[in-house]
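The values are calculated or read from the model by the stated rules, or taken from the named source; none is laboratory data. Here the structure is a predicted model, which means the values were calculated and not measured. Note that each Cβ is placed from the backbone with ideal geometry, even for glycine, and that neighbours are counted across all protein chains shown. Just the protein is used for accessible areas: all its heavy atoms, side chains included, with ligands, DNA and RNA removed. Shrake-Rupley method; radii C 1.70, N 1.55, O 1.52, S 1.80 Å.
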Amino acid sequence: MTRAYIQSGRAENAIATRARILAAAQELFLEKAFEDVTLAAVAKASGVSHQTVLNHFESKAGVVLGVAEALATQTDHTRNAARPGDIGGAIAALVTEYERIGDANVRWAMSGDRFPELAAQMDVARAGHRTWLAAMFGDRLPTESPGREHVLDALHAATDVYVWKLLRRDLGRDRAETEKTMADLVVGVLRGIPK
């Protein structure tokens, strides 16, 4: 009985340590460029040794994968709170996520050419965004390709993080104006679908 209790305690400690490392790494990746985040910095921020980070994740790529999975879960939770067909609600949920992780998303996308582990995660994120768009607006999309793919491409362009960056960061628009502009773009795409 005592041995099982000790093993259970070790497993719980390992899970807690892994979660602490991921939380620290996520915070670092959200505030700094990918190349500026080191395993040593992750270790320091999470209060563990460099070797402990390696034991849990094997490499920086492993940490990135863990952070990307955590961010995807958080993003899905926020985005999926919107009701399908509700353009304003969908855009509000999307902008909520961009306000939280948009700057990091842009940095990761720009670094993807130099870091294959990032490029792979950005591909996964783009596919997830496209799936979300189909779930939100599927009842208004053409049922057959290539028309369906064309409309999804247009919706993706209208709701991409770079549009948020252009409006919020480059043009200095407030959140309400950003949401309105993105919703107008989505409405324009959907109105342009042939009947």
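Filtering region 101-119 to residues that are free of Cβ contacts under 8 Å to residues at least 40 places away in the same chain and of a type outside the set (Gly, Ala, Ser) leaves MET110, ASP113, PRO116. Scanning region 170-195 for residues that are over 13 Å from VAL95 (Cβ atoms), part of a helix (DSSP H, G or I) and not hydrophobic (A, V, I, L, M, F, W, C) turns up ASP170, ASP184, GLY188, ARG191. Taken over region 111-123, the residue count meeting the criterion of being in a helix (DSSP H, G or I) and either at pLDDT below 90 or open to solvent by less than 50 Å² (accessible area, probe 1.4 Å) (or both) is 8. Given the structure, is HIS56 of a type outside the set (Ser, Thr, Tyr), farther than 20 Å from ALA135 by Cβ and either assigned to a helix (DSSP H, G or I) or open to solvent by 50 Å² or more (accessible area, probe 1.4 Å) (or both)? Criteria met by HIS56.
Listed conditions (1) part of a helix (DSSP H, G or I); (2) of a type outside the set (Ser, Thr, Tyr); (3) open to solvent by 30 Å² or more (accessible area, probe 1.4 Å) are all met by VAL95, apart from (3). Taking region 34-48 as the range and being on the phi > 0 side of the Ramachandran plot and crowded, with 16+ Cβ neighbours inside 10 Å as the test, no residue passes. Given the criteria in contact with a Ser or Thr (Cβ under 6 Å, 6 or more places away or on another chain), open to solvent by 50 Å² or more (accessible area, probe 1.4 Å) and within 21 Å of GLU177 (Cα to Cα), does THR78 qualify? No: the conditions fail for THR78. Here is a check on your reading of the model: is ALA127 free of Cβ contacts under 8 Å to residues at least 24 places away in the same chain and either under 18 Å from THR96 (Cα atoms) or assigned to a helix (DSSP H, G or I) (or both)? Taking the combined requirement at face value, the residue satisfies it. Within region 12-29, the set of residues being under 17 Å from the mean Cα position of the chain (by Cα) and surrounded by fewer than 18 Cβ atoms within 10 Å (Cβ to Cβ) comprises ALA23, GLU27. For region 146-195, the set of residues classified as within 23 Å of ALA104 (Cα to Cα), in contact with a helix residue (DSSP H, G or I) (Cβ under 6 Å, 6 or more places away or on another chain) and open to solvent by 60 Å² or more (accessible area, probe 1.4 Å) consists of ARG173 only. The residue pairs whose first member lies in region 18-45 and is within 14 Å of GLY62 (Cα to Cα) and assigned to a helix (DSSP H, G or I), whose second member is among the basic types (Lys, Arg) and open to solvent by 30 Å² or more (accessible area, probe 1.4 Å), and whose beta carbons are closer than 6 Å, counting only pairs six or more residues apart or on different chains, are LEU39/LYS60.
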